[in-house]
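Trainee: Got a structure for you, questions after.
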Amino acid sequence: EQEAVTRDVEYAQQRIRLRLLERQEELMRMARDTSTQAMEVGAFVLAAEAMVGRYPEILALSWVDARRVVKASYLAASAPLGLQRVSGQALESGEQIITFDNAKVQQQPVYSQPIAHNPNAYGFILQVPLIEQGLMKGTLMAEFSMDGLLRYWIPSEISARYALALQDDAQNTLAGHLPM
C-alpha cells in the first residue's frame, strides 16, 4: 500500500510539472507574439481571454511594460477582485516586483513564491519576459490558483482515493481537498 501511495504521489507531481511546463511554453509563444508583432492592446485582451478560458487554473493574465506598468490585463470571472489590474497601474506587491526583476535579469520565465489571494486562497505568479532584439520590453504576468492546480491537474483516479494538499516549505497548507 505504501508503494502504491508513493507511486501515485510521484505521478501527481509529474503531472503538475508537465502542466506547468505546458503553460509556460504557451505563455512563451504568446510573449514572442506580443513582443515581435507589436500587438495591439485589444488583440492582447482577446488572446488573454482565450487562454484564461482554456485554462481555468489561470486567474489573470497581464501585459506589463519595461517600467513595471500594466499595459493590458484580463481577469477570469472566478478570480478574486484583488487580482484585477488596471491599465496604467504599476506593479505593487513584493512578489510581482521580485519576479519581474528576476525575469529581466535572467531573461527567462520566473515563478514566484506562493502568494495569499485571501486567507483561504493561494496562488503564484509566472512572469515571462517580452524580449525584442535582446532587450526586455516587459513581461507577461500569469497568476495561477493553487486550488486550480489540484482541481484541474491531479488525475481524477488519484483525487478520488486520497485527501490531497499542497504545502509550502514551512508545511502551511496552500490548497487541499478530500476524496470524493
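The values are calculated or read from the model by the stated rules, or taken from the named source; none is laboratory data. Here the structure is a predicted model, which is why all the values come from computation and not from measurement. Methodologically, a virtual Cβ is constructed for each residue, glycine included, from the backbone with ideal geometry; neighbour enumeration extends over all protein chains shown. Calculation scope for accessible area: heavy atoms of the full protein, side chains included, ligands and nucleic acids excluded. Shrake-Rupley method; radii C 1.70, N 1.55, O 1.52, S 1.80 Å.
Trainee: Quick one: count up the residues across the range 105-135 that are more than 15 Å from the chain's Cα centre (by Cα) and closer than 16 Å to L91 by Cβ.
Mentor: Residues that pass the stated criteria total 2.
Trainee: Considering (1) crowded, with 19+ Cβ neighbours inside 10 Å; (2) farther than 21 Å from T34 by Cβ; (3) in contact with a Lys or Arg (Cβ under 9 Å, 6 or more places away or on another chain), say which one P155 fails and leave the rest.
Mentor: For P155, the failing item is (1).
Trainee: Every residue in the range 3-45 that is hydroxyl-bearing (S, T, Y) and either free of Cβ contacts under 8 Å to residues at least 40 places away in the same chain or within 22 Å of Q84 (Cβ to Cβ) (or both), please.
Mentor: Listed by number, the residues that qualify are T6, T34.
Trainee: Also, quick follow-up: Would you point out which residue out of R17, R32 is open to solvent by 60 Å² or more (accessible area, probe 1.4 Å), more than 25 Å from Y152 (Cβ to Cβ) and assigned to a helix (DSSP H, G or I)?
Mentor: R32
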